[in-house]
Amino acid sequence: MSLIITYIDSDYEYLINNKDFTIVNFPIKSAIKIYDNYGNLKGKNQLKLEIENIIGFKDDHLNSGEAIESFIVYTFYLLKTHKNLVIFTAGLSFSSIKHYIKIMDFILSKLSDRTLCVVKNFSIIDEIKLIDLYIHVNKVEKEIIFDFMKNSLIGFKPKEEYFRYPQYFGEIEFETDDYFEMLSFVLARPNRDYEFYFTNKNNLQNPKGMILINNNSIYLGLGVAKGHEKYLKDKLAAEYMQAPIICDNVLPY
């Protein structure tokens, strides 16, 4: 058994080009997509019981209905029949990635002749050291979003390389590798929730940006290094005439 943690900007391409590895959750056609397949997976409850028997405790994440549930259960399902997996953690929060790795470490300690490579989203940006500041706007207007991008996200790049709607679960209605095309699609009609994340590794004080569209409202966010949040908190408050919502690695809603 072997658990290997690597990063999206490290040399992981040899893994997805290696015929001995099964590719999971990467934005390429040959990859197995967790979010597409988990809904139709049979025997979920039995798999969850097996996982809890292995790890030795009840894990509420296994019945959360969130992305972490599908990642843990579907990875375990694949490990039963595949010796070598390489999995991209797109769609998981930092805390969920940490928990996922913890559970997989337990599981792999009980399985023989298995290798799991977990490719994380960030390397330089350590989200646990960031404070997230959000401005909530109770309507969805593209002008507000574009102004935020122009004023606060210059130099930032989308964190993801592949976008699908619905974002995590359900039958795909639209997919693209262009985040602006996905943003335009989301804004074209009401009731289209989506989370966009951006990174700027050269901005040490503010390396992360967020545009979250939820329940027909907008959350405009900045991930700020601890100790530097006062300046950006005051800046956002002055620009939007409201105190920002302060979050510590959780969503603002």
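Every number in this text was worked out from the coordinates using simple rules, so none of it is lab data. A quick note: this is a predicted structure, and the numbers were derived from the prediction, not measured. Using ideal geometry, Cβ is built from the backbone for each residue, glycine included, and neighbour counts are taken over all protein chains shown.
Summary table
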item: Calculated log₁₀ intensity ratio I(q)/I(0) where the Debye formula runs over C-alpha points of the range 2-120, q = 0.09, 0.11, 0.21, 0.23 Å⁻¹; result: -0.21, -0.32, -1.30, -1.59
item: Check: the range 96-253 dipole with +1 on Lys, Arg Cβ and -1 on Asp, Glu Cβ, in debye; result: 540 debye
item: Proportion of all alpha-carbon pairs of the chain beyond 34 Å (%); result: 21 percent
item: Separation between Cα centres of the range 181-197 and the range 219-253, rounded to whole Å; result: 22 Å
item: Sequence-distant residues sharing a close amide H with Cys117 (under 5 Å, placed H); result: Ile4, Leu85, Val86, Ile87
item: Viscosity 1.002 mPa s, 20 °C: Kirkwood-radius Stokes-Einstein D of the range 127-247 over Cα pairs, µm²/s; result: 144 µm²/s
item: Mean Cβ count within 10 Å, highest first, over the residues of peptides 151-163, 89-101; result: 89-101, 151-163
item: Phi-based couplings in Hz for the range 206-221 (Karplus 6.51, -1.76, 1.60; Gly and Pro marked x); result: 9, x, 9, x, 9, 10, 10, 10, 9, 6, 6, 9, 10, 10, 9, x
